[in-house]
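None of the figures in this text is laboratory data; all of them are computed from the coordinates on show. Values in this document were obtained by computation on a predicted structure and should not be read as measured data. Cβ: placed from backbone, ideal geometry, glycine included. Neighbour counts: every protein chain shown.
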Amino acid sequence: MQPINKCFFWALCVLLLTGPLAAANDRPVIEENQGKALLIYNIAKFTEWPPANTPFVFTLWEDDALADAFQIIEGQETQGRKVKINRQNKDSIAVDCQVIVIPKQQLQRFIKARDELDKLPIMTVTTEPKVFEAGAMVLVEVVDDRLSFSVNLAAVKACGLEISGNLLRHAEEVKF
């Protein structure tokens, strides 16, 4: 892991963990969806992806509030590639991306697409525990007023991705 990546990760952790404290001191605070976007971005940064010369695409399935929050990372870089945000409000499955973020109202759509997605190096992320239980790779949620994440490591490895062990140490739960 490069030193700059470690710095960015730990700075984000401090920012997320001190959010309520920062508000009391009149410092700017990120809102919940921005925190989720930043956490998902960092999970992607600490994942090994197949090499490519295309933009690094995050696709959000019909969740405008979260898609708006993802604007905070658009244009950043990960894996030496510029980040692009793709909003998908149609029934087709976007397979030209690295990360798909699936909201709870898309559980049935995810279940239908799961077999196709499982064969591709695409990380499936959700903010809904039911979607995670249905097979999404990463769950990002608020637990006890703090942002946390869980990882289905078997699903991640099955599609050929590798999440950093240093990042996994911070997961609320890692399913093997």
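General remarks:
- Among the listed pairs Lys36/Lys104; Lys45/Lys157; Lys104/Lys130; Lys45/Lys112, a Cα-Cα separation exceeding 18 Å is found for Lys45/Lys112.
- Sequence-distant aspartates and glutamates (8 or more away, or on other chains) whose Cα lies within less than 20 Å of Lys119: Glu48, Asp91, Asp96, Glu133, Glu162
- In terms of other Cβ atoms within 10 Å, Cys97, Cys159 run from fewest to most in the order Cys159, Cys97.
- Residue exposure sequence - Lys175, Lys45, Lys130 - by fewest surrounding Cβ within 10 Å: Lys130, Lys175, Lys45
- Placing a label point 7 Å from the Cα of Thr54 along the Cα-to-Cβ direction, the residues of region 80-103 whose backbone N falls under 12 Å from that point are 94-99.
- The chymotrypsin sites (Phe, Trp or Tyr not before Pro) of region 33-72 include none that DSSP puts in a loop with a beta carbon having at most 13 other beta carbons within 10 Å.
- Proportion of all alpha-carbon pairs of region 107-176 beyond 21 Å (%): 21 percent
- Ascending count of other beta-carbon atoms within 10 Å, so fewest first, for Leu107, Leu147: Leu107, Leu147
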